[in-house]
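Below is one structure, written out as structure tokens; comments come after it.
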Amino acid sequence: MTDLRASLLARLDRALAICEAATPGPWACYDAWGRDRGRVNVHRIGNDRGVGLQATSCADIGGPKADFEFIAHARTAYPALLRIVRAEVEQHYRVQTNLRDNECACEELEWPCRYLQDLAAALESL
Ligand SMILES: [Zn+2]
């Protein structure tokens, strides 16, 4: 049987590596203009050092304002949440006691515990 904990940590680490490879955050939307029913045009999404996604030549990127804000917010929030989940996963590991061979460190009487199983189901798409 595959080690569920190791598999979860590997998937979280792959997702964190993608975050770390992207332009450092925090990100914001720059040179946004127009507000027609929640849609805006944005020239650049990225950090305050001028790095990030940028429209070429004189064109802007158009779309719902909420989508641009989500992209900028996700640059900081997504890796932070991945680190929280990773720290949670690290709290669960197999222990052997005199009474049982496979018990989770969280004191659930099974390995992998229900918490790790729920996390694996929630993170299946990672
Ligand atoms: Zn556990």
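Worth a mention:
- Qualifying position, being loosely packed, with under 13 Cβ neighbours inside 10 Å and at negative phi, among Asp60, Asp48: Asp48
- Just one of the listed residues (Gly46, Gly52, Gly34) is over 30 Å from Leu116 (Cα atoms) and either β-branched (Val, Ile, Thr) or over 21 Å from the mean Cα position of the chain (by Cα) (or both), namely Gly34.
- Within the set Ala28, Ala32, the sole residue that is crowded, with 17+ Cβ neighbours inside 10 Å and either modelled with pLDDT of 90 or more or acidic (Asp, Glu) (or both) turns out to be Ala28.
- Remark: pairs (first residue in segment 56-85, closer than 12 Å to Pro26 by Cα; second residue of a type outside the set (A, V, I, L, M, F, W, C); Cβ separation under 8 Å; 6+ apart in sequence or on different chains) = Ala72/Pro26; Arg75/Thr23; Arg75/Gly25; Arg75/Pro26; Thr76/Gly25; Thr76/Pro26; Pro79/Glu20.
- Candidate set: segment 74-105, residues that are modelled with pLDDT of 95 or more and of a type in the set (Ser, Thr, Tyr); chosen: the one surrounded by the most Cβ atoms within 10 Å (Cβ to Cβ): Tyr78
- Some residue of segment 103-117 being under 19 Å from the mean Cα position of the chain (by Cα), more than 10 Å from the ligand (Cβ to nearest atom) and not in a loop (DSSP other than H, G, I, E, B): no
The values are calculated or read from the model by the stated rules, or taken from the named source; none is laboratory data. What you are looking at is a predicted structure, and each value in this text was computed from that prediction instead of being measured. Please note: Cβ atoms are built from the backbone with ideal geometry, for glycine as well, and neighbour counts cover all protein chains shown.
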